[in-house]
1. Just the number, please: Stokes-Einstein D of segment 57-123 in µm²/s, Kirkwood Rh from C-alpha pairs, 37 °C, 0.692 mPa s.
2. Please state the shape class of segment 23-69: rounded when a/c is under 1.5, otherwise prolate if a/b exceeds b/c and oblate if not, all from the C-alpha gyration tensor.
3. Step through the residues of segment 4-21 one at a time and calculate ³J(HN,Hα) from phi using the Karplus curve (6.51 cos²θ - 1.76 cosθ + 1.60, θ = phi - 60°), rounding each to whole Hz and writing x for Gly and Pro.
4. Specify the inter-centroid distance of segment 27-46 and segment 87-120, based on alpha-carbon positions, in whole Å.
5. Please report, as a whole percent, how much of the solvent-accessible surface of the chain comes from carbon and sulfur atoms (probe radius 1.4 Å).
6. If I model a spin label at Asp72 and Ser53 as a point 7 Å from the Cα along the Cα→Cβ vector, what separation in nanometres do I get?
7. So how far apart, in nm, are the two label points at Met30 and Glu111 if each is 7 Å from Cα heading toward Cβ?
8. On average, how much accessible surface per residue is there in the chain, in Å², for a 1.4 Å probe, leaving out ligands, DNA and RNA?
Amino acid sequence: VQLQASGGGLVQAGDSLRLSCAASEPTFSMKAMGWFRQAPGKEREFVAAINWSGRSTEYADSVKGRFTISRDNAKITVSLLMNSLKAEDTAVYYCAAAFGIVARTSQDEYEYWGQGTQVTVSS
């Protein structure tokens with residue numbers, strides 16, 4: 001069981017970036033998925049989550065209105081579109097698969113984790 005995150009990179013403030021997370025098994029289409037991030041010297045924090053069908057989402061206040069999470073269950077992928085990036089968005093971003101079908105904000109609700117992809121926003 002694997003989650004492979006990709007799409008990170010170095011961008012300037014105000015730019016956009018799209019992260020993708022590919023799951024190794026079709027069963028992930030029945031799980032809620034989430035994105036978390038960890039900045040240097042800080043604890044990992046919730047960013048966004050989406051329920052199994054894609055009809056319900058949750059966002060951290062810090063990214064609401066700038067980030068959009070989506071999923072394609074046919075391709076077993078989850079994406080995070082990040083617009084209007086800020087220097088404080090710099091972090092390693094992790095995708096995760098939840099135990100259940102409901103979008104959750106707590107890390108304790110997530111069963112599988114990807115390896116992380118670095119996003120660096122220069123000001």
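The values are calculated or read from the model by the stated rules, or taken from the named source; none is laboratory data. Small disclaimer: the values here were computed from a predicted structure and weren't measured. As a convention, Cβ positions derive from the backbone with ideal geometry for all residues, glycine included, and neighbour counts pool all protein chains shown. When the accessible area is computed, the model is the full protein with side chains, heavy atoms only, and any ligands, DNA or RNA have been set aside. Shrake-Rupley method; radii C 1.70, N 1.55, O 1.52, S 1.80 Å.
1. Working: Rh = 13.3 Å.
In µm²/s, the coefficient rounds to 247.
2. Values: a/c = 3.24, a/b = 1.50, b/c = 2.17.
Oblate, since a/c reaches 1.5 and b/c is not below a/b.
3. Along segment 4-21, the couplings run 10, 8, 8, x, x, x, 9, 9, 9, 4, x, 6, 10, 8, 10, 9, 10, 9 Hz.
4. So the two Cα centres are separated by 1 Å.
5. Working: 2890 of 6280 Å².
Summing carbon and sulfur atoms, their accessible area is 46 percent of the total for the chain.
6. 2.2 nm
7. It works out to 0.9 nm between the two label points.
8. Details: 6280 Å² over 123 residues.
In whole numbers, the chain has 51 Å² accessible per residue.
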